[in-house]
1. Can you tell me how many residues in the range 139-167 are touching a Ser or Thr at 6+ places or on another chain (Cβ under 9 Å), within 12 Å of Met114 (Cβ to Cβ), assigned to a helix (DSSP H, G or I) and open to solvent by 50 Å² or more (accessible area, probe 1.4 Å)?
2. Would a scan of the range 20-41 turn up a residue that is within 17 Å of Thr4 (Cβ to Cβ), of a type outside the set (Asp, Glu) and either out of contact with any strand residue (DSSP E or B) (no Cβ under 8 Å at 6 or more places or on another chain) or surrounded by 12 or more Cβ atoms within 10 Å (Cβ to Cβ) (or both)?
3. For the range 333-364: of the residues being open to solvent by 30 Å² or more (accessible area, probe 1.4 Å) and either polar (S, T, N, Q) or within 12 Å of Cys290 (Cβ to Cβ) (or both), which is nearest to the chain's Cα centre (by Cα)?
4. Among the residues of the range 222-239, how many are farther than 12 Å from Tyr106 by Cα and open to solvent by 60 Å² or more (accessible area, probe 1.4 Å)?
5. Looking only at the range 109-137, count every residue that is of a type in the set (Val, Ile, Thr), more than 18 Å from the chain's Cα centre (by Cα) and surrounded by 13 or more Cβ atoms within 10 Å (Cβ to Cβ) and tell me the total.
Amino acid sequence: MRATRRVELGEAKAIVRAVAEWRSAIEKRVENAAAKQLHDLVWAKLAPHLPAGTKTLYLSPDGDLARLPWAALPIGKDRVLLEDYVIATVPHGPFLLEQLKYPRKYAGLESTLMLGDVTYGSDVWPALPGTLAEMNAIAALARGERETVNKSAATPERLTKSLPKARFAHLATHGEFQAKEFAADQQRAAKAMETRRFGDETQRVATENPLGYVGLVLSGGEIISGLSILDLNLENLKLITLSACETGLGEYTGGKGVENLQTAFHVAGCPNVVASLWKVNDAATAALMCKFYHELWVNKKPPIEALREAQLTIYRHPELIPDLAGERGAVRLREAVAAKASVVPSGQRVTAPTRLWAAFVLSG
């Protein structure tokens, strides 16, 4: 067993700036130097310390590193990190140790809960028409009992009732992260603390739980917050996929990771959570999810390997996106879902933009 090593990455300012620049470039689908800069600032310092033969990376990122699409990080000419490693994030070290030492065992029939095509009834939350086709494709692959929740039936009450009974859950809806509101709460608490330092004991020093500022948007624009999720018993849930916009974002805690929806579902008992780092394209998301569940249920791969295969397939074969999204009929879908993410000869491949395939991360 190798000793734990501490690797200094240097001042955070340069990393924070590079992450912001790369995410902006990803959104605009343009190339810039930020991705290469992040390689030099972060990966080039970590890679030499990996044991020989390492194939799996478990990352516990804090601060802006939690917003970094690690899978898409360039590591050489025409290569990204996901091509050499299976990657997952974990909330903290003790979580990973417990999962590796005491893997969860499940008994009873498997069931899948699918939520999407939600009626929001609000201009704030636009409809997500692509989620209907996404759910239909997943339902065709699912094993055991299937429960579909959509339209006005997709309420917090229905979700909290159905989630504890499911083995797999796919929630295709908007995610909410009230960053400004939480920042204001932190500023208020900091101001109260400063006042107390000068003798005013009447000032309360407390901040709201960060999980109260993240949530999922359901029917009628109602929000089920991370705090509400904590109250559920999700020990029967093996995997939940948050196929939504920015469900992987959350609030920094200064040393113990990022408080987000993944954290809430982990604490409630679910060991594997797939979420997104930015607004995702309908067709590319439907394609990736179809391939992901095919690998998970048909080829019986664990979630970490199933997601890698799905992302590599989209990355290396963007021409398959319409087929995998079901836009060209059932026959083309069956052919595409069986495709392998084989390596295309260097100089001959056309890869998908990072925005289309690298948003989703597995925490678990």
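The values are calculated or read from the model by the stated rules, or taken from the named source; none is laboratory data. Note that the structure is predicted; figures quoted are calculated from it, not measured. All Cβ positions, glycine included, derive from the backbone under ideal geometry; neighbour counts span all protein chains shown. Just the protein is used for accessible areas: all its heavy atoms, side chains included, with ligands, DNA and RNA removed. Shrake-Rupley method; radii C 1.70, N 1.55, O 1.52, S 1.80 Å.
1. 0
2. First, pick out the residues of the range 20-41 that are within 17 Å of Thr4 (Cβ to Cβ): none.
Within the range 20-41, not a single residue is within 17 Å of Thr4 (Cβ to Cβ), of a type outside the set (Asp, Glu) and either out of contact with any strand residue (DSSP E or B) (no Cβ under 8 Å at 6 or more places or on another chain) or surrounded by 12 or more Cβ atoms within 10 Å (Cβ to Cβ) (or both).
3. Thr354
4. Number of matching residues: 5.
5. Taking the range 109-137 and keeping what is of a type in the set (Val, Ile, Thr), we get 112, 118-119, 124, 131.
Narrowing further to those that are more than 18 Å from the chain's Cα centre (by Cα): 112, 118-119, 124.
Now narrow it down to the ones that are surrounded by 13 or more Cβ atoms within 10 Å (Cβ to Cβ): 112, 118-119.
Summing the residues that are of a type in the set (Val, Ile, Thr), more than 18 Å from the chain's Cα centre (by Cα) and surrounded by 13 or more Cβ atoms within 10 Å (Cβ to Cβ) in the range 109-137 gives 3.
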